[in-house]
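One structure is given below, encoded as structure tokens.
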Amino acid sequence: MIEKKRLTNGFEYIEIENSYAKAKIALQGAHLFYYKNNASSSPLMWTSNSTFFEEGKAIRGGVPICFPWFGKLKEKPELPQHGFARVSPWEVVAQEEKEDGSTVVRLELINNKKHFSVWGYLFKLQLEIVVAKSLEMRLMIENLDVKSFEISTAFHSYFSVSDVTRVEIKGLENRRYYDALDGKLYEQKMKFQVDKEIDRVYFNSKNPLDLMDTHRTITLTSKGSNSLVVWNPWVEKSHQMKDMCDDGYKNMLCLETGNVMEDRVIVEPKKKHLLELMVQEH
Ligand code: BG6
């Protein structure tokens with residue numbers, strides 16, 4: 001089943017249900033904000049109980065698409081964090097229920113005057129989401145301009161965890177990382193643990209990567225990306241965020257696969273960059 005739905009305030013989304021999973025994708029941002037495998041007792045993605053589902057406001061949870069910049073744009077720090085793709089209205093350009101029981105939807109965002117006025121390039125984005133035994137996402141970034149552009153992008157995935165202090169990430173051992181909280185570079189020597197605010201960019205993280213929870217392991221396999229952002233706002237920051245329920249940080253961990261900092265990508269005119277993510281639960 002693929003159904004277009006809207007909330008009472010008009011906020012539109014697509015609901016998908018098949019023999020593998022149930023998913024909800026907002027047209028704003030092509031934002032997957034709910035995903036639960038039928039065989040699993042809890043959703044794969046975490047979404048805040050206090051999130052806004054409103055025009056122009058990013059959803060707190062699921063998988064925001066960060067484009068064309070990640071974090072703040074250096075040259076124009078006054079612009080919204082993580083770019084405009086996550087708050088722009090996308091269009092559904094294809095949808096299919098396949099014979100093997102999987103469902104595929106493709107959403108598109110083409111630059112308009114508003115985008116052009118803040119980021120002066122012509123581009124096209126297509127996001128393909130496959131709801132199957134595993135969740136697959138493919139973001140195709142196409143340069144329609146006559147000049148090359150530089151991008152930093154990410155699938156800013158919020159994973160649902162039973163207790164963030166008890167999870168482990170396999171694949172960060174001995175990896176170099178940038179700690180955004182003090183602006184310094186480190187190497188992951190100790191076991192990865194969340195017992196405070198975490199905001200880091202890992203370079204050359206292992207692929208696939210395992211997020212090991214007490215009741216399940218979530219495996220992320222990515223292509224077209226080399227960096228991984230790990231984020232948890234912890235107590236104080238959560239209090240400061242209007243769309244973050246106070247205890248929410250305990251049950252989420254962001255593992256954001258993409259091209260961040262030194263890993264950002266230059267896309268030449270008429271060329272494409274493909275960012276892919278496959279998430280398996282076992
Ligand atoms: C993470 C950043 O990717 O996103 C953090 O590393 C940031 O610094 C977080 O706080 C949330 O960003 P936003 O814009 O969704 O509040």
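For this structure, a couple of remarks:
- Net charge over other residues, Cβ less than 10 angstrom from the Cβ of K124 (K, R count +1; D, E count -1): -1
- Averaging Cα coordinates gives a centre for the range 191-214 and one for the range 156-188; these two points are 3 Å apart.
- Taking every C-alpha pair closer than 8 Å and separated by at least 6 residues, the mean separation divided by the residue count of the chain gives a relative contact order of 18 percent.
- Positive-end residue, the chain charge dipole about Cα centroid, Cβ charges, pick of H239, T103, Y186: Y186
- Overall form of the range 23-89 per C-alpha gyration tensor (a/c, 1.5; a/b vs b/c): prolate
- For K36, the lysines whose Cα comes closer than 24 Å to its Cα, not counting residues fewer than 8 places off in the same chain, are K4, K5, K22, K24, K57, K98, K133, K170, K223, K250.
- Listed peptides 81-91, 36-46, 232-242, 1-11 appear in the order 81-91, 36-46, 232-242, 1-11 once ranked by packing, highest mean of other Cβ atoms within 10 Å at the front.
- Peptides 196-208, 109-121, 23-35 ranked from most to least packed give 23-35, 196-208, 109-121, packing being the mean of other C-beta atoms within 10 angstrom over each peptide's residues.
FYI, it's all coordinate maths here, none of it is from the lab. Only a predicted model underlies this, so the values are computations on that prediction, with no experimental measurement involved. Ideal geometry is used to build each Cβ from the backbone, glycine not excepted, and the neighbour counts take in all protein chains shown.
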